[in-house]
1. Can you name the condition, by its number, that Thr108 falls short on among (1) more than 13 Å from the chain's Cα centre (by Cα); (2) surrounded by fewer than 19 Cβ atoms within 10 Å (Cβ to Cβ); (3) hydroxyl-bearing (Ser, Thr, Tyr)?
2. Ile497 passes all but one of (1) open to solvent by 30 Å² or more (accessible area, probe 1.4 Å); (2) within 29 Å of Asp410 (Cα to Cα); which number fails?
3. Please determine whether any residue of the stretch 30-52 is surrounded by 12 or more Cβ atoms within 10 Å (Cβ to Cβ), within 23 Å of Leu145 (Cβ to Cβ), small (Gly, Ala, Ser) and in contact with a Cys (Cβ under 8 Å, 6 or more places away or on another chain).
4. If you go through the stretch 400-458 one residue at a time, how many are touching a helix residue (DSSP H, G or I) at 6+ places or on another chain (Cβ under 6 Å), basic (Lys, Arg) and over 18 Å from Gly490 (Cα atoms)?
5. From (1) open to solvent by 10 Å² or more (accessible area, probe 1.4 Å); (2) assigned to a helix (DSSP H, G or I), pick out the condition that doesn't hold for Gly528.
6. Just to be sure, is Thr452 farther than 30 Å from His543 by Cα, over 28 Å from the mean Cα position of the chain (by Cα) and of a type in the set (Ser, Thr, Tyr)?
7. Pick from Leu178, Leu167, Leu173: which is surrounded by fewer than 19 Cβ atoms within 10 Å (Cβ to Cβ) and closer than 18 Å to Ser51 by Cα?
8. If you check Gly78 against the conditions, is it surrounded by fewer than 16 Cβ atoms within 10 Å (Cβ to Cβ), of a type in the set (Gly, Ala, Ser) and in a helix (DSSP H, G or I)?
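The values are calculated or read from the model by the stated rules, or taken from the named source; none is laboratory data. Values in this document were obtained by computation on a predicted structure and should not be read as measured data. With ideal geometry, Cβ positions are generated from the backbone for all residues, glycine too; neighbour counts draw on all protein chains shown. Ligands, DNA and RNA are stripped out before the accessible areas are found, and what is left, the full protein with its side chains, is counted by its heavy atoms. Shrake-Rupley method; radii C 1.70, N 1.55, O 1.52, S 1.80 Å.
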Amino acid sequence: MAIKLKRNRKIPAEGMKTLRHMISYLACDRSLLILIFILIIIGIGCDLTGSYLLRPIINDYIIPGNISGLIRMLFILGGVYLIGVSAVAFRSILLNRIAQQTVHRMRTELFDKMQYLPVKYFDQNQYGDIMSRFTNDIDRISDALTDSLSDMLTSVLTLSGIFILMLYISPLLTLVALITVPIMILIARRIVLKSSRYFKAQQTSLGNLNGYIEEMISGQKVIKVFGHEHQVEEGFEINNQDLRDKSLKAQFYSGMMMPVMQNLNTLTYVFITIVGALLAIYRSFDIGGLATFLQYSRQFGRPINELASLYNTIQAALAGAERIFQIMDEEPEPADAPDAIDMRNIQGEVALKDVYFSYDPGKTILKNINLCIPAGKKIALVGTTGAGKTTILNMLPRFYDIESGDITIDGHSICEIKRDSLREMMAIVLQETHLFTGTVRENIRFGRLDATDEEVMEAAKLTSAHSFISRLPHGYDTMLENDGENLSQGQRQLLNIARAAIANPAILLLDEATSNIDTRSEICIQQGLDRLMEGRTSFVIAHRLSTVQNADQIVVLEYGEVIEKGTHQELLNKKGKYYSLYKEQFG
């Protein structure tokens, strides 16, 4: 019970923080908001004035039978309502514009923020859940801004205006109208505390479901080859059921608001009618005043009902906004040091000195790594899975920062070099290829956006990609979609290598670049890689030892420590771990 109460106290604070954050986005359109506010006032004023005109119409024209005066008042009443309707229509147009501009800014800032988040964030969060924040959560906010923002403000102002006019007409009847208000507030507060928790859980569950779907779609080949369709369906059903349960609870509690408020409003209307009739009989309360007050009492309940009906949309929007602002509030990659240098035309000498690193506290991955790689040399990292090879490659471009020790390039600590400058001097070719939607030429040029067509072709020739590109239907202008599914795995990897080549890096990082390639393609790709590595400091991770035998130095890792290093022949002569790995592959 104590835990439950603690959560209930926390939710409103989070909601207010999110609301303030949302207001800061809306404030960018301050002038339009002021105009909308004026139009809301005009609309409310016309609506309340129209209702109040019932009092003189009944008392001064209907009861005395003044037909000409009645017709004149009806024209006035029609004019008042026409102005109000025009104000509401114009307000809706402006509000839609503000809503779209606001979500556009949020979506842009969210995407921009993603570019500066550390790699660690993407390693720890599902891609599908991140995508859900761009789509579902943004859509929730758009719906709320378009449909609910002005309605909520209108309801609050209308409530205030009606209360003042009711008080003016009859303080006693106003007191009767307020009898049920404390009950409404108490019930609404309890419902808010319940449903807001489930709306947040609903959005989180939706993100988890999207993440699961994204993983299963991308892994369809694996699922089918192992015949796990049934297990995948069961996993989907668990996530889908969880979303259904959270949504049911959220909708149940928020759905209680409207009928409860309507019933309380009806009860209030009955009390007012009884007391008003008695005042008309015994206190000479005018019939027009009673009719107008009853009209206001109905209108008094309407904004409360509207607020109740808007509650679902608002809660869903706040839950979605909170998930978006969670990303906005994430710490970006640490800023460069004030005296960080911008390095150009480096030699490429790399040294790792007493390097320690762990992804999670207490679980050290790299231990006391000491390496020195002269400029232009090729170093191979070998060892069993989990030895720390890829982790070393993640350290060099500062995807992750080391815990202790130092990594230097040409004698300068990488922490003293601007990140952009550091990463510009490197290129990475990973085991898993990734191609963007666009032409072959555009995918190669991604390595250096200002490269000319001739430079693109030279990079393709250097890496043995030109021959197969020339055979494509439209050559370098062939359109690639869905990660280049119309190319073979080897062809996709050649394009990735060409992309690295056009960047003209001083340091080349290769992480199992040929592990998914057949033997014939591997020979072609290895020739391209060898040409690319000429004159460059290269780090190569490979389980196939045949691809690293010509390395200037081979480093053997085990459990995050360097246990052997030397040339291919030197390590064979030692007959240690490398010798065992070599024998396992070649007998």
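1. (1)
2. The failed condition is (1).
3. no
4. 2
5. (1)
6. Yes, satisfied.
7. Just one listed residue meets the conditions, Leu167.
8. Values: surrounded by fewer than 16 Cβ atoms within 10 Å (Cβ to Cβ): yes; of a type in the set (Gly, Ala, Ser): yes; in a helix (DSSP H, G or I): yes.
The answer is yes for Gly78.
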